[in-house]
Amino acid sequence: MNALWNSSTAKTQKWYQYPLDGYVSSTGKPYRVSLKRGTTNKLLVNFIGGGLSWNEETAARPLTIGSLLSGKEGFYINDVSPLQLSLAHIGLLKASDKRNPLHDWHVLNIPYVTADFHIGNNDFPYQSLENKRGQTSNKILHHHGQQNAAAALDLLKDFFPQTPDTLLIMGQSAGGFGCLAHCHYISSLYPSCNQVIVYADGAHLHSSLWPEVAGDVWRVNSELLPSIKSKDLIVDLFQHAQAIMPPTTLFLHSNSVWDKALTEVMYKMNHGKLSINPQALEEFHTTLVHATNALRKDVPNYHYYVSDYGKSRRDGTTPHVFAGTPKLLYSKMQDGTSVAEWLSRALGRDPISVGTQFLQNS
């Protein structure tokens, strides 16, 4: 477990945890973030992912060790213990791996335990599943993602008071949506920073449910809610961010083209059950291609990395998110380029897009 953060005694390249008093996970347990002091004048703000809940059925089915062992459905991580948080500093968060282009950066890492893409403001009532006696109970899922993120970001100016040479705002899966929602506020704290990059990894879910979920279940704030208007939430959020961020902001987006986790969840949202089948794969792939093409057309300074690396012979799926898995991060998965190299080029002001062949003739 990481030690608790103390600005006067914190060492460089070591992770610390910071409890946020009064802020809670979806279950009401205390919430905390993690921080690392780097050795270069560069700052990463990272939003972790971990599923979502969009109705009473999914609220009653968190993803727990018990559900995993029993094979039961689970849709979101409902709490992160201090020990689990200490184990989450992998991939682009791993300070000891010199292959990592961010290894010596300062980092604020924002866990995700509210099932609402870091943007909720609601206490959502639901009924628990039946226990062994066939009884249920009334419960509350605390969709407090917006509040938790705001509290975490209040630490930034104390943690990193100077203007960074480079500011990277990043998120994986659900955190990819969250980083887009919060990037403007983070950037506004450092108005003189002349290199700002926003990177969403493994973030795409196409569904007609988004306006209803955002408005009625998560109760997204009035500044963001009007931007959530289509079936392509990732497109809405990239466009929202692009409209209010500094014009020189670089936007990055990476996905695998038959992402197993996202394909299953998207099929559940649109058809009522978790499933990997030819229709599910085709719907995910087609809508991902459409969204990526829309973004490269409409969002200036947008670059992507898409790949079919690791495609399963059994079910045709590809892995979920790249940033936290060393094998995916450092392998030359597509066009002779790794995600780490692709990100390094963007940090060096020479961004490229990778996997263009998946978007052509579509």
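The values are calculated or read from the model by the stated rules, or taken from the named source; none is laboratory data. Since the structure is predicted, the reported quantities are computational estimates derived from the model, not experimental observations. Virtual Cβ from ideal backbone geometry, glycine too; neighbours counted across all protein chains shown. Surface accessibility is based on the protein's heavy atoms, side chains included, excluding ligands, DNA and RNA. Shrake-Rupley method; radii C 1.70, N 1.55, O 1.52, S 1.80 Å.
Per-structure values
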| quantity | calculated |
| --- | --- |
| Lone unmet requirement of (1) more than 25 Å from G74 (Cβ to Cβ); (2) within 18 Å of the chain's Cα centre (by Cα); (3) assigned to a loop (DSSP other than H, G, I, E, B) for P300 | (2) |
| Yes/no for S227 being modelled with pLDDT of 95 or more, in contact with a Leu (Cβ under 8 Å, 6 or more places away or on another chain), of a type in the set (S, T, N, Q) and over 30 Å from Q334 (Cα atoms) | yes |
| Odd one out for H303 among (1) out of contact with any Pro (no Cβ under 6 Å at 6 or more places or on another chain); (2) open to solvent by less than 50 Å² (accessible area, probe 1.4 Å) | (1) |
| Residues within the stretch 251-294 that are assigned to a helix (DSSP H, G or I), in contact with a Phe, Trp or Tyr (Cβ under 6 Å, 6 or more places away or on another chain) and open to solvent by less than 10 Å² (accessible area, probe 1.4 Å), tallied | 4 |
| Among residues of the stretch 235-287, those that are among the hydroxyl-bearing types (S, T, Y) and out of contact with any strand residue (DSSP E or B) (no Cβ under 6 Å at 6 or more places or on another chain), counted | 5 |
| Condition broken by S230, with the remaining ones in (1) in a loop (DSSP other than H, G, I, E, B); (2) under 13 Å from P300 (Cα atoms) satisfied | (2) |
| Those residues of the stretch 1-56 which are among the polar types (S, T, N, Q), in a loop (DSSP other than H, G, I, E, B) and without any contact (Cβ under 8 Å) to a residue 40 or more places away in the chain, in sequence order | N6, S8, T9 |
| Residue in the stretch 119-138 that is in contact with a His (Cβ under 9 Å, 6 or more places away or on another chain), hydrophobic (A, V, I, L, M, F, W, C) and open to solvent by 10 Å² or more (accessible area, probe 1.4 Å) present | yes |
